[in-house]
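J.: Structure below; questions to follow.
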Amino acid sequence: MIKTIIVDDDLYHTEALTNLLTQYFKQVEIIATCQDVPNAVKKIDELRPHLVFLDIEMEPYTGFDVLEMVNERDFEVIFTTAYQHYAVQAIKASALDYIEKPLNKNDLAEALMRYKTKTGNIKMANLLANFKLDNEGQKIALYDKGGLSFFEIRKIVRCQSDNTYTEFFIHHDDKKQGIIRIEVSKGMAYFEDFLLGKGCFFRIHNQHLVNIYHIKRYAKEAGGYLVMDDQSNTSIPIARARKEDFLDFLRLKGIVI
């Protein structure tokens, strides 16, 4: 049995989730429900659940406060949210699981299937660290051949996508080792908002997102393209419709006068 605690300040959503789990997921044992953060922290420390369904917004706290306040984060988390934009992007960047309200049976089934892959403690530590660090120090979690690796945002040179996958090009810690290439089976839209929110990325083309601090040259010929500071001096085309917005972005950053 999966010992589970539900943490949500909305009684309606708590009851809806309880009913779904009780009716369709017999492997889940609900050992407590909590409507506020202090009580949730107490119950988690006392009952030691395997899994916590955790609401993000619980005024005056957040679900992240629960993770900070418990004695041990030795449980998995599935966040539940009515969509707080930044929080969801941060959860995605840490490869943690979430389901949007109103909850439904299919989303729950998928989340519980993913629960079986237990690497959540590392992911949660990364999530909480990202809320404390400045943009340059933050990390993103990427799956690579069945494993999970964490990379500093500032070392991402660019991303390339065909809408079904995204390939990340990342400077190795030792620049002599060249570029690390990680292919993830999610489209660029999954990562875009989080990366754009760091203030150093710009989507210059439908297929290309670049870190402006890794641009080596901006060339006006051939319709406009960028040369990146990787070992291959990769050229990235600039979409005509995005050129002026891109230049305005560089001016805003003080890179172009």
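J.: Hey, with R₀ at 45 Å, roughly what FRET efficiency would residue 114 and residue 244 work out to, going by the Cβ-Cβ distance, to 0.05? It would help to have the intermediate numbers written out before the result.
T.: Details: r = 42 Å, r/R0 = 0.93.
Computed FRET efficiency for residue 114 and residue 244: 0.60.
J.: Can you compute the charge dipole magnitude of the chain about its Cα centre, using +1 on each Lys and Arg Cβ and -1 on each Asp and Glu Cβ, nothing else charged? Give it in debye, rounded to the nearest 20.
T.: Once rounded to the nearest 20, the dipole reads 1160 debye.
J.: Now for a separate question. To the nearest 0.05, how large is the calculated FRET efficiency for residue 255 and residue 183 if R₀ is 25 Å and r is the Cβ-Cβ distance?
T.: Once the sixth-power term is evaluated, E becomes 0.25.
J.: Taking K and R as +1 and D and E as -1, what net charge do the other residues with C-beta under 9 Å from the C-beta of residue 99 add up to?
T.: Overall, the nearby charge balance is -3.
J.: Rounded to the nearest 5, what % of DSSP beta bridges with both residues in segment 1-140 are antiparallel? Mind dumping the intermediate values first?
T.: Details: 2 of 21 bridges.
Of the beta bridges lying entirely in segment 1-140, close to 10 percent run antiparallel.
J.: Another question, if that's okay. Pick out which of 145, 101, 216 has the largest mean-square fluctuation in a Gaussian network model of the chain, springs linking Cα atoms closer than 10 Å.
T.: Among 145, 101, 216, the largest GNM mean-square fluctuation belongs to 145.
J.: Just going by the charge dipole of the chain, with Lys and Arg at +1 and Asp and Glu at -1 on Cβ, which of 205, 103, 39 is farthest out on the positive end?
T.: Result: 205.
J.: Ok, one more. For segment 1-78, just say rounded, prolate or oblate: build the C-alpha gyration tensor, square-root its eigenvalues into a ≥ b ≥ c, call rounded for a/c under 1.5, and beyond that prolate if a/b exceeds b/c, oblate if not.
T.: Oblate.
J.: Let me ask you something else. Run the reach check for residue 220 against lysines, Cα to Cα strictly under 16 Å, same-chain hits fewer than 8 apart removed. What comes back?
T.: 243
J.: Farthest toward the dipole's positive end in the chain, which of 137, 196, 225, given Cβ charges of +1 (Lys, Arg) and -1 (Asp, Glu) about the Cα centre?
T.: So the residue furthest toward the plus end is 225.
J.: How much of the DSSP bridge set in the chain is antiparallel, in percent, rounded to the nearest 5?
T.: 65
Read-outs: derived from the displayed coordinates by stated rules, not from any lab. If you're wondering where the values come from, they're calculated on a predicted model, not measured in any experiment. So basically every Cβ, Gly included, is an ideal-geometry build from the backbone, and we count neighbours across all protein chains shown.
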